[in-house]
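Notes for the one structure printed next.
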Ligand SMILES: Cc1cc2nc3c(=O)[nH]c(=O)nc-3n(C[C@H](O)[C@H](O)[C@H](O)COP(=O)(O)OP(=O)(O)OC[C@H]3O[C@@H](n4cnc5c(N)ncnc54)[C@H](O)[C@@H]3O)c2cc1C
């Protein structure tokens, strides 16, 4: 059995690895000219944790995990408001979850699968046709490929989805926020190693995260209502001009950043993830957004379960896809609902709402409550 996978991100690489383990041959098609790295810190857990364990990559992922020793909430001036300790953060995450750089998840999956797949970089998909027996794909290098299954793992702006399911606008649900994330060349002195600092004010959030080995990620997220709706990356300086602390250093770092993630926060609401022998996986299918904090985990868990379903059904790809979707959809939809709930309270413009939404966090930073929280989550974990 053979699969063509479009996109060598977390979902695509995980699918290539799991399908190889199920005895499939795979071809990965990636638009970027080479492997991408860096990104931002994500929390990895849930079905992704179990999937990674079954695929044999959990130990390596854990080895690259980073620990946040302190999360400091600051005023726009940089003054400290309150902080969560490393113990509190770890306790609320539970035992089967850890923080890791998005690029490190990709690196671990790539290293595990590189020898067992073919990757065509700098290439994309331009046409798809299928019949009862096979799917045929035309690629941007002029080549054509045939397979038993085509997996669209090409992210939020999936070309596979556009070709087979229809235009992005038919499925995209914008959550009214935009985000810019990138790695800094070095960690500014004001950010102690292993800590994160965060500022939220007037519908804008800024965070700087030390993710181990001197690596540092900068994060800007803001509401896109009113005049900000079309703000470009170049206008980030204006948008955050009144903020102090390490905001100026982060803006300076933007000028030399190797790759910047700058996009709207949008979900994908696709009523069927497969059409015949074409299936969507990861952000291309469901994009739960960073508000749900579970996209990488769902991508890996989804790939693991897809491979398992294909294994169970042998040559019956359509039966496998139907069973896989029935099993996974409730989990993805639950996380999408969480993302939509968080949308309203994330980076509120109203200072009172900001105080209210941060009240539980502020309380958790206070000794007696902190101990209670740590105990409660440890008992549950
Ligand atoms: C700021 C932020 C914080 C996050 N925090 C968390 C978190 O705490 N926990 C968590 O689990 N998740 C988190 N996520 C979500 C997570 O990063 C994504 O859900 C996950 O990376 C999705 O992986 P993917 O492979 O589906 O898509 P992508 O990572 O978008 O990968 C798609 C791949 O396809 C390639 N591609 C795109 N178009 C084409 C094309 N036309 N042809 C060929 N290739 C193409 C791209 O170059 C890329 O390599 C966060 C996301 C953001 C933005």
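Just so it is clear, none of the values below were taken in a lab; they were calculated from the coordinates. Note that this is a predicted model, so its numbers are computed, not measured. A quick note on method: Cβ atoms are made from the backbone with ideal geometry, for glycine too, and the neighbour counts reach across all protein chains shown.
Per-peptide packing, taken as the mean over residues of other Cβ atoms within 10 Å, places 34-46, 101-113 in the sequence 101-113, 34-46 from highest down. For the pair segment 148-224 / segment 10-44, the C-alpha centres are spaced 18 Å from each other.
What is the angle, in °, between the Cα long axis of helix 351-364 and the longest principal axis of the Cα atoms in the chain? Nearest 10 is fine, range 0 to 90. Rounded to the nearest ten degrees, it is 90.
Take segment 142-256, drop everything but the C-alpha atoms, weight them equally and run the Debye formula without solvent; then report log10 I(q)/I(0) at 0.15, 0.16, 0.20, 0.21 Å⁻¹ to two decimals. Result of the Debye calculation: -0.79, -0.84, -1.04, -1.10. When the P(r) is computed for segment 223-353, the part past 25 Å accounts for 45% of the Cα-Cα pairs.
Given in Å, the Rg to one decimal and the Dmax to the nearest whole number for the Cα atoms of segment 77-201 are 21.6, 64.
Relative to the dominant Cα principal axis of the chain, helix 317-345 is inclined by about 20°.
Show that you can apply the helix-only estimate: for the chain, add -39,500 (n - 2.57) for every DSSP H stretch of four or more residues, divide by all residues, and state [θ] at 222 nm to the nearest 500. Let's see the in-between values first.
Values: 12 runs with 142 residues, N = 381.
Calculated mean residue ellipticity at 222 nm is -11500 deg cm²/dmol.
The mean sequence separation of alpha-carbon pairs under 8 Å and at least six residues apart, normalised by the residue count of the chain, gives a relative contact order of 24 percent.
Rounded if a/c is under 1.5, else prolate if a/b beats b/c, else oblate: with a ≥ b ≥ c from the C-alpha gyration tensor eigenvalues square-rooted, which is the chain? Prolate.
May I ask what percent, to the nearest 5, of DSSP beta bridges between residues of the chain are antiparallel? Write out the running numbers ahead of the final one.
Working: 51 of 71 bridges.
Among the beta bridges of the chain, antiparallel pairing accounts for roughly 70 percent.
Counting only the Cα atoms, segment 272-317 fills a convex hull of 64 Å³ per residue. Segment 300-319 and segment 225-248 have Cα centres spaced 45 Å apart.
So what's the convex hull volume per residue for the Cα atoms of segment 40-92, in Å³? With only Cα atoms used, segment 40-92 gives 104 Å³ per residue.
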